[in-house]
Amino acid sequence: MSEFRDYQQAQLLLEQHDIYIAPAEVHGTISGLLACGLNIEEQEYLGLLSDVFNDGQKFAAPLKEFFAELYKLVVAHFNDPEHHFELYLPLEESLSDQANALVAWVSGFLLGFGLKQKDYGKFSADVKEVIGDFSEITKLDTHFDESEEDKQALHEVIEYIRVSALLCFAELGKDTASSTSKTVH
């Protein structure tokens, strides 16, 4: 399974190109797009990210490479039969920094999901519950002590989000993303 780029290096890359969002939010947005069934080619995909994160301006080559790398990872992780999908978070940082990144990831997921899916009435009860829960998670108090109890609580929220994203993908995105992965390579 492919590995993520160093989180701090990714943050620096985004900021060097005047994109002031967390790498977690980018990963969440891409995950939301694919989980809701968006089937687009890489160039169209980059155009959509440009509209959302860069006021419609084209990205510089290093950013295009980074976004394409994340896109390929999300496709591979969602399609992994062992369910190795992981959230892109700064795991070496404090629990509060991880919680802030987690909220950014969930916000990104909801953004990506919402860009494609407009008819929430047709979702299963499970997907509706996930979207409702994710909306509540964006309001999460991100102040965590460095205690074992807080560490465990954050881990449980991360695991719930990870499994929930896989559920959405399994229900809404599986066919389109697996066919898209053939065109990305």
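The values are calculated or read from the model by the stated rules, or taken from the named source; none is laboratory data. If you're wondering where the values come from, they're calculated on a predicted model, not measured in any experiment. Counting neighbours? That spans all protein chains shown, and the Cβs are built from the backbone with ideal geometry, glycine included. With ligands, DNA and RNA removed, areas are computed over all heavy atoms of the protein, side chains included. Shrake-Rupley method; radii C 1.70, N 1.55, O 1.52, S 1.80 Å.
The table for this structure:
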quantity: Tally of residues being under 30 Å from GLU159 (Cβ atoms) and of a type in the set (S, T, N, Q) across the range 56-93; calculated: 1
quantity: Members of the range 22-56 that are open to solvent by 30 Å² or more (accessible area, probe 1.4 Å) and modelled with pLDDT of 95 or more; calculated: GLU25
quantity: Selection count where residues are of a type in the set (A, V, I, L, M), open to solvent by less than 20 Å² (accessible area, probe 1.4 Å) and more than 18 Å from GLY32 (Cβ to Cβ), scope the range 68-112; calculated: 2
quantity: Any hit, the range 131-145, residues being part of a helix (DSSP H, G or I), within 19 Å of GLY28 (Cβ to Cβ), open to solvent by 70 Å² or more (accessible area, probe 1.4 Å) and free of Cβ contacts under 8 Å to residues at least 60 places away in the same chain; calculated: yes
